[in-house]
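The values are calculated or read from the model by the stated rules, or taken from the named source; none is laboratory data. Values in this document were obtained by computation on a predicted structure and should not be read as measured data. Heads up, the Cβs are rebuilt from the backbone with ideal geometry, glycines too, and the neighbour counts pull from every protein chain shown. Just so you know, the surface numbers come from the protein's heavy atoms only, side chains and all, with ligands and any DNA or RNA stripped out. Shrake-Rupley method; radii C 1.70, N 1.55, O 1.52, S 1.80 Å.
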Amino acid sequence: MIEALQFDFMRNALIAGTLVSVACGIIGTFVVINRIVFISGGIAHAAYGGIGLGYFFKLSPVLGAVIFSVAAALGMGIVQRRTHQRADTMIGVMWAIGMAIGIILIDLTEGYKADLMSYLFGSILTVTSHDLLIMLILDIVIVILAIAFYRELLAISFDEVFATISNVPVNVIYLTLMCMIALTIVMMMRVVGLIMVIALLTMPAAISGQYMKSMKKMMALASLLGIVFTTSGLWLSYLLNLTSGATIILVAGLGYCLSAIAQLFKKRLSSAAIREAPTSNQSRY
């Protein structure tokens, strides 16, 4: 891995993985706790419409993705808050429409189109210094919002009724969270792609949630795990000549499976210890 760092693209990839991991650790924690993985997946796929929007109007695809994904996030958030039945159907429809709009706009765009598959499946090795600057700005925005609204986000995550009674603007905070998810997804699309973005967003947070009870500690561990997964995935992809995005996701998936197995064994050992405790006490008499 050390010899790979002599290349600019590899150094950029490592920095991009670190920046994305910080955002994933923070936002992924809220996604897992609030159980809004499906909405996050919808936003991720709808963001492809923004890429098509950017190409059609000769704008930056990243700028188009930011605009479209934020709009999709607000739309899905409003549907989730106001529609108590069939919200999943409406979100699925918006998900499909977003991708369809992106494909149609790209078809209607004249001239050469860049490798659009990199937005679907990721291309972390092609991240430029300009992309890193955009990621850093989005990272800073996400961290500032998380710090500024931490108490409110914590309240709606664990006890929405109490938050409402405490005069917390629940709907506004929820929609703010949706926008933060959208910005995180835009950051991640160059790393693992829109198709696999939901995996990296949720798996580190899901693992850390098995060991940490404090939300701040959960965010910190999830960010650290994200850095470990992206760095390990990059190293393996370089060593074995594999696709970087998919390798990162496989490493994260392996980490999640090992953590789940460890938790299962821990529960079985605890249950066995509880069953044996009365027997050992009785043997003393």
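Taken over the range 224-238, residues that are under 15 Å from M10 (Cα atoms) and either within 17 Å of the chain's Cα centre (by Cα) or free of Cβ contacts under 8 Å to residues at least 40 places away in the same chain (or both) amount to 7. Name the residues in the range 177-203 that are open to solvent by 10 Å² or more (accessible area, probe 1.4 Å) and assigned to a loop (DSSP other than H, G, I, E, B), would you? R190, the sole residue that qualifies. Apart from one condition, W235 fits all of (1) more than 20 Å from Y119 (Cα to Cα); (2) in a helix (DSSP H, G or I); (3) open to solvent by less than 80 Å² (accessible area, probe 1.4 Å); the exception is (3). Taking the criterion of being open to solvent by 10 Å² or more (accessible area, probe 1.4 Å) and either among the charged types (D, E, K, R) or within 30 Å of E110 (Cα to Cα) (or both), the residues of the range 10-56 that qualify are R11, R35, H45, Y48, L53, Y55, F56. Only a single item in (1) free of Cβ contacts under 8 Å to residues at least 24 places away in the same chain; (2) open to solvent by less than 50 Å² (accessible area, probe 1.4 Å); (3) in a helix (DSSP H, G or I) is not met by V168, and it is number (3). For the range 204-224, the candidate set comprises residues that are in contact with a Cys (Cβ under 9 Å, 6 or more places away or on another chain) and more than 16 Å from L154 (Cβ to Cβ); within that set, the residue that is most open to solvent (accessible area, probe 1.4 Å) is S223.
Conditions tested, residue by residue: (1) hydrophobic (A, V, I, L, M, F, W, C); (2) outside any helix (DSSP H, G or I); (3) surrounded by fewer than 18 Cβ atoms within 10 Å (Cβ to Cβ).
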site	(1), (2), (3)
K58	no, yes, yes
A65	yes, no, no
S69	no, no, no
A72	yes, no, no
M76	yes, no, no
V79	yes, no, no
D88	no, no, yes
I91	yes, no, no
M94	yes, no, no
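Report yes if G28 is assigned to a helix (DSSP H, G or I), touching a helix residue (DSSP H, G or I) at 6+ places or on another chain (Cβ under 7 Å), closer than 30 Å to L154 by Cβ and at pLDDT below 90, otherwise no. In short, no.
Within the range 244-257, the set of residues being crowded, with 19+ Cβ neighbours inside 10 Å and either among the small types (G, A, S) or within 12 Å of L125 (Cβ to Cβ) (or both) comprises S244, G245, T247, I248, A252.
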